[in-house]
Amino acid sequence: MMPRYEVYKDFGVEGRDNPTDRWDSKALKYLVDYNIKTLAEDTDPEYELKYIEIGDVNNIGEILNTTTYSFKNAPSRCRRVLSKDDVFISTVRTYLKAIGYIKEECEDFVCSTGFCVLSPKESLNPGYLYYSIIDEKFLNEVISKSTGVSYPAITPTQLVNIKINIPPLTEQTQIVEFLDSKTSLIDKLISVKQRKIELLKEKRTALINHVVTKGLNPNVKMKESGVEWIGEIPEHWLFLPIKYLLKKVKNAIKTGPFGSQLKSDDIIGSGFKVYNQRTVYDNDYHQGENYISDAKFELLKEFKVIEGDILITSRGTIGKCSIVPPKIEIGVLHPCLIRIQIDEGILAKLYLHRYINQSSLFIDGVKYESNSTTIEVIYSDTIKNYRLPLPPFHEQTQIIEFLDEKTKEIDNLLILEQKKIDLLKEYRQSLISEVVTGKIKVTKD
């Protein structure tokens, strides 16, 4: 049991009472200077800086990324200069809880004007300021005081009017040393769990890659596929372009309508559904409010989506696929999707789904064929000519059953490890909150 203070006084905010009369509560504006250093408009155009925007930090003060710019090329919001001991918190889209903490000496770090930069005065330990800011109760107060629907925001003046608990400086130091020690240990445990998740995912992908190119029989005679990213395949397997595995019907492979056929103005509140990339990512065919009119549907019937179609994302996050389920709303393809209708006498839909969605071979092959390390677009001709290692149909079924069983085991381990990470993060946040609100007493011992 952690020690606790014996006497508390009212803090004025629910759940944030002060322990003993030795602690005070003050608005941040009495404890920090804020937004005191800004790049002037006459800054040398060639001055090189490291820019931090809202997406570059997380909710525990870590800076995940910086972008180097010369001043002349930097975004206009790139203005707030950062120094050692500064804590900076987003004042726009406050629900993201974006916070940064400069623990070490830094040069040329500049953040967006969407942050409020807090520079602690002598009466405030920088580490204590940081822990007080990432306290969930403080962040919830920031969110509750924000206004706006799509981009809720709080002004810097409103932000620095929020109170925090202030123990004597010696106690602040003890609290920082205690929390640094405990959170460092928790973060190491989280790092171990995250690495285990990465290894499990690598194991899962390697297993799938092996089985869909080598089969389940370790003693089968092999032959060269003639393709670097596939290697050897069982001698009795075929190695065919997908175009030979499609239904013998018109438009068995079809890219969503482009240009004048489907514009953003065509999307309305009701009518016929437009199935988009998010539908495929989440495998959710009931979400979204994207529709087109009856008249527009008549013009786009050749892009109709039906039960059993395989949809593949072709823009942005490419190469994700799902199988259209039964009893869906009548709808059409979004321009960022490609529809495939396969001959199920030759190729099982689930087999192709597992191959594209769960192995790394499809994307590897597309990159190989395009002679590119990064690809942003897949075209229908690329998919038509993509060569697939093809077992006999009965082997496809065996492989599907084997992979479903084995990947379920790995997926259960992934879920378990993620739950452990979530619990560690909850404990980390709870510990910080309990300490900076005085629920746990920290002493020099």
Q.
Over the chain, what is the relative contact order in percent, taking alpha-carbon pairs closer than 8 angstrom and at least six residues apart?
A. 17 percent
Q: State which helices in the chain qualify, where a helix is a whole DSSP H run, it must extend 24 Å or more along its own axis by its Cα atoms, and its mean Kyte-Doolittle hydropathy must be at least -1.0.
A: 169-214, 393-436
Q: Could you give the spread of the C-alpha atoms of region 197-341 along their three principal axes, from largest to smallest, in whole angstroms?
A: 58, 40, 28
Q. Which residues in region 134-162 place their backbone N less than 17 Å from a point set 7 Å from the Cα of ASP24 along the Cα-to-Cβ direction?
A. 161-162
Q. Which FRET efficiency value, to the nearest 0.05, is calculated for ASP422 and CYS106 with the Förster distance at 30 angstrom and r the Cβ-Cβ distance?
A. 0.40
Q) Between region 32-57 and region 272-329, what's the alpha-carbon centroid distance in Å? A) 44 Å
Q: Considering Cα pairs under 8 angstrom that are at least six residues apart, work out the relative contact order of region 253-362 and quote it in whole percent.
A: 33 percent
Q | Neighbour cut-off at most 14 other Cβ (10 Å), DSSP loop, GluC sites (Glu not before Pro), region 36-67 | A | GLU41, GLU46, GLU62
**Q.** Label point at SER293 placed 7 Å out along Cα→Cβ; residues across region 235-271 whose backbone nitrogen lies under 18 Å
**A.** 260-271
Q. Tell me, what is the percent relative contact order of region 201-301, built from C-alpha pairs under 8 Å that lie six or more residues apart?
A. 17 percent
**Q.** region 247-291: chymotrypsin sites (Phe, Trp or Tyr not before Pro) in DSSP loop, at most 12 other beta carbons within 10 Å
**A.** PHE258
Q.
Under the rule a/c < 1.5 gives rounded, and otherwise a/b versus b/c splits prolate from oblate, where does region 170-259 land using the Cα gyration tensor?
A. oblate
**Q.** Residues of type aspartates and glutamates that LYS327 reaches as a straight line, Cα spacing below 13 Å, ignoring anything fewer than 8 places off in the same chain
**A.** ASP284, GLU307, ASP309
Q) In nm, what is the difference between 0.36 nm times the number of residues separating GLU409 and LEU199 and their Cα-Cα distance? A) 74.2 nm
Q. PRE reach from ASP44 (point 7 Å along Cα→Cβ): which of region 62-81 fall under 17 Å by backbone N?
A. 69-74
Q. Taking region 398-445, which trypsin sites (Lys or Arg not before Pro) meet the DSSP loop condition and have no more than 10 other C-beta atoms within 10 Å?
A. LYS444
**Q.** Read-out Cα Rg over 2.2 N^0.38 Å, derived from the coordinates shown; its label in [x] 1.11; [y] 1.68; [z] 1.27
**A.** [z]
Q: Please list, or write none, the lysines whose alpha carbon is within less than 21 Å of the alpha carbon of LYS163, excluding same-chain residues fewer than 8 places away.
A: LYS9, LYS26, LYS29, LYS97, LYS121, LYS137, LYS145, LYS439, LYS441
Q) What is the extension gain from GLU401 to ILE328, computed as 0.36 nm multiplied by their sequence separation minus the C-alpha to C-alpha distance, in nm to one decimal? A) 23.7 nm
Q. Using the alpha-carbon centroid of each, what span in Å lies between region 388-445 and region 106-176?
A. 31 Å
Q | Extension gain from ILE375 to VAL192, taking 0.36 nm per residue of separation minus the Cα-Cα distance | A | 62.7 nm
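When you count, for each residue, the other Cβ atoms within 10 Å and take the mean per peptide, how do 336-344, 126-134, 243-251, 385-393 rank with the highest first?
126-134, 336-344, 385-393, 243-251
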(Q) To make sure I understand the rule: partners must be aspartates and glutamates, Cα under 20 Å from the Cα of LYS50, and not fewer than 8 residues away in the same chain. Which ones qualify? (A) GLU41, ASP42, GLU62, ASP85, ASP86, GLU104, GLU105, GLU107, ASP108
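Once you order the gyration tensor axes a ≥ b ≥ c over the Cα atoms, which shape class does region 249-331 get: rounded for a/c under 1.5, otherwise prolate or oblate by comparing a/b with b/c?
Because its axes are fairly even, with a/c under 1.5, region 249-331 counts as rounded.
Please label the shape of region 145-211 as rounded, prolate or oblate, based on the square roots a ≥ b ≥ c of the eigenvalues of the alpha-carbon gyration tensor (a/c under 1.5 means rounded; beyond that, a/b larger than b/c means prolate, else oblate). Spell out each step's value before the answer.
Numbers: a/c = 8.10, a/b = 1.61, b/c = 5.03.
Oblate.
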**Q.** Heavy atoms of ASP44: accessible area, 1.4 Å probe, square angstrom to 10
**A.** 90 Å²
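The values are calculated or read from the model by the stated rules, or taken from the named source; none is laboratory data. Treat the numbers as computed from the prediction; the structure is a model and nothing was measured. Counting neighbours? That spans all protein chains shown, and the Cβs are built from the backbone with ideal geometry, glycine included. To get the accessible areas, we keep the full protein, side chains included, count just its heavy atoms, and leave off ligands, DNA and RNA. Shrake-Rupley method; radii C 1.70, N 1.55, O 1.52, S 1.80 Å.
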